[in-house]
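In what follows, a single structure is set out as structure tokens and then discussed.
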Amino acid sequence: MEVVDVAIVGGGPAGSSCAAFCAVAGLRVALIEREKFPREKVCGDCVNPACLSVLNRLGLGHEIQKSPHAIAEAVDFISINGRTVRATFQEGARIINIKRSIFDHCLLERARELGAQVHEEATVVSLARTRERGWKIDIVRDTFRTRVLVGADGRNSTVARLCNLLPRPERERIALQAHIPLPRDFGNRIVLQFLPQGYSGQAPVNDHELNLCLVGTPPTIYSLRTWAEQHFNLRADQTWRTITPLTREPIAAGQENLFFIGDAARVVEPFTGEGIYYALRSGELAAAAITKIIRGEDQSTFAKATADGQSQDRQSILREFARAHRAMYRGRLWINQLARSAVLSPRFASRLLAITPISAPILRGLTRTIVTSITAPL
Ligand SMILES: Cc1cc2nc3c(=O)[nH]c(=O)nc-3n(C[C@H](O)[C@H](O)[C@H](O)COP(=O)(O)OP(=O)(O)OC[C@H]3O[C@@H](n4cnc5c(N)ncnc54)[C@H](O)[C@@H]3O)c2cc1C
């Protein structure tokens, strides 16, 4: 049995960021990841410029920028009937498109270098609260005891499920993703294309591969894939990755000795290319809160026990974390909702796109808002 201060389940951007910042603060960290890295993940592979500030604080900005990647300088919105509205980014802004196998591996290795114990190919199978207000975590061949548990295990979080905090989705959609040969003359752009069956996102990730995402419903996803196979002349043995569902009710991100970060907190849908930023930043915010909790408990003079046994300090730390977590999304959730509506109703979105004098300035404004570096205080 291993004893740690914090156990983080999931080694994506949220879990690795949280593990790295906790390790820097001197905590004993276990990062438990189901897969063996490097691995791909269903994603558009677009890294919003806002990520760079967190990556720089992790000492990774330079490494990511020298890894194989492509740069996007504009987004083309294409309606069902082929009408295109282009939104270029403001001067100096650019999106880095990088395969998640590369990006996530850099982050996981950084967490390891900084002192986190990384356990790959380790799936959490059961969780139990202990009498000492901590957790016992069973993975297939090992057991951990921890004071704080972090669910960073994505949209369909096992930690949330084992804690009975995973509601059923209301309306299910399916995403498919593949890396395919880059069509000639694709250009430095991201394409967001509405189709009668759903939606497709396309982004070059290096000089020879295109990230292709398709989002549809169970009845339409097969014909969406057929469209992609014909449109991009794909081989019959093309590999596709998949994830479903994409929507669930959000969850409280910080609760006594349990945190949910990144997609596991389920605040946004994955349609505005900001999920990686929220994952990195929520990992950083949770690490700051967890460090205060552990240090406060270690210096017992800080902890004044209340009637329910929870220290005052912990409650104010949790409130502060919840405020910072909400602030991270402030002013951006409505754009996410708008993107969601467009994806759910591609025909309606296409009709709006056709009214170019109205749609063009709106789309340019929204794109610039999303691709603006988010400067959040620590
Ligand atoms: C179609 C689509 C397109 C997207 N495009 C973009 C984009 O272009 N840009 C962007 O910023 N965001 C995009 N996103 C969102 C982005 O992928 C997520 O927001 C981001 O990956 C969240 O990071 P995370 O660390 O919270 O979770 P994840 O990246 O999902 O990582 C979770 C990790 O937990 C592990 N895990 C799961 N269960 C267990 C378990 N039981 N035990 C141990 N480990 C476990 C998984 O193996 C995984 O490594 C997209 C999402 C989708 C679906």
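Observations on the structure shown:
- Å³ per residue enclosed by the Cα convex hull of the stretch 151-265: 131 Å³
- Here the chain exposes an accessible surface that is 52 percent carbon and sulfur, computed with a 1.4 Å probe and the other protein chains kept in place.
- Residue-count net charge about Ala288 - beta-carbon cut-off 13 Å; Lys, Arg +1, Asp, Glu -1: +3
- Net charge of neighbours whose Cβ lies under 12 Å from the Cβ of Ala70, counting Lys and Arg as +1 and Asp and Glu as -1: -1
- Extension gain, Gln255-Asp207: 0.36 nm per intervening residue step, less the Cα-Cα distance, totals 12.8 nm.
- Theoretical gain in end-to-end length, Thr143 to Asn233 [0.36 nm per residue, Cα-Cα removed]: 27.6 nm
- Scaled radius of gyration (Cα, divided by 2.2 N^0.38 Å) that the stretch 63-208 gives: 1.43
- When +1 charges are put on Lys and Arg Cβ atoms and -1 charges on Asp and Glu Cβ atoms, the dipole computed for the stretch 1-139 relative to its Cα centre reaches about 260 debye.
- Cα-based helix-to-principal-axis angle, 221-231 vs the chain, degrees rounded to 10: 50 degrees
- Projected area, mean over directions - the chain, Cα convex hull, nm²: 19.0 nm²
- Within the stretch 161-267, the GluC sites (Glu not before Pro) that combine a DSSP coil assignment with at most 11 other C-beta atoms in a 10 angstrom radius are Glu170.
- Extreme residue, positive dipole direction of the chain, given options Val47, Thr88, Leu60 (C-beta unit charges): Thr88
- Using the rule -39500 (n - 2.57) for each DSSP H run of four or more residues, divided by the residues of the chain, the 222 nm mean residue ellipticity is -11000 deg cm²/dmol.
- Straight-line reach from Lys66: taking Cα to Cα under 20 Å and skipping same-chain neighbours fewer than 8 places apart, the lysines in range are Lys99.
- Here r is the Cβ-Cβ distance between Thr130 and Glu91 and R0 is 56 Å; the resulting FRET efficiency, rounded to 0.05, is 0.55.
- Among Arg145, Arg155, Arg129, the largest mean-square fluctuation in a Gaussian network model of the chain, built with springs joining Cα atoms closer than 10 Å, belongs to Arg129.
- For the listed peptides 133-143, 214-224, a ranking on the average number of other beta carbons within 10 Å per residue, highest first, reads 214-224, 133-143.
- Local electrostatic count, Leu214, Cβ distance below 14 Å [Lys/Arg +1, Asp/Glu -1]: +2
- Between Asn56 and Glu172, the distance separating the two model label sites (each 7 Å from Cα on the Cα→Cβ line) works out to 4.4 nm.
- Solvent-accessible heavy-atom area per residue, rounded to whole Å², over the chain at 1.4 Å: 46 Å²
- Phi-derived couplings, Karplus 6.51 cos²θ - 1.76 cosθ + 1.60 at θ = phi - 60°, listed residue by residue for the stretch 95-109: 9, 8, 9, 9, 5, 5, 4, 7, 4, 5, 5, 4, 5, 4, 5 Hz, with x used for Gly and Pro.
- Summarising the amide proton neighbourhood of Gly154: residues at separation of 5 or more, or on other chains, whose placed amide H is nearer than 5 Å comprise Asp263, Ala264.
The values are calculated or read from the model by the stated rules, or taken from the named source; none is laboratory data. None of these values were measured; they are calculated from a predicted model. With ideal geometry, Cβ positions are generated from the backbone for all residues, glycine too; neighbour counts draw on all protein chains shown. Keep in mind that these areas ignore ligands, DNA and RNA; they rest on the heavy atoms of the full protein, side chains included. Shrake-Rupley method; radii C 1.70, N 1.55, O 1.52, S 1.80 Å.
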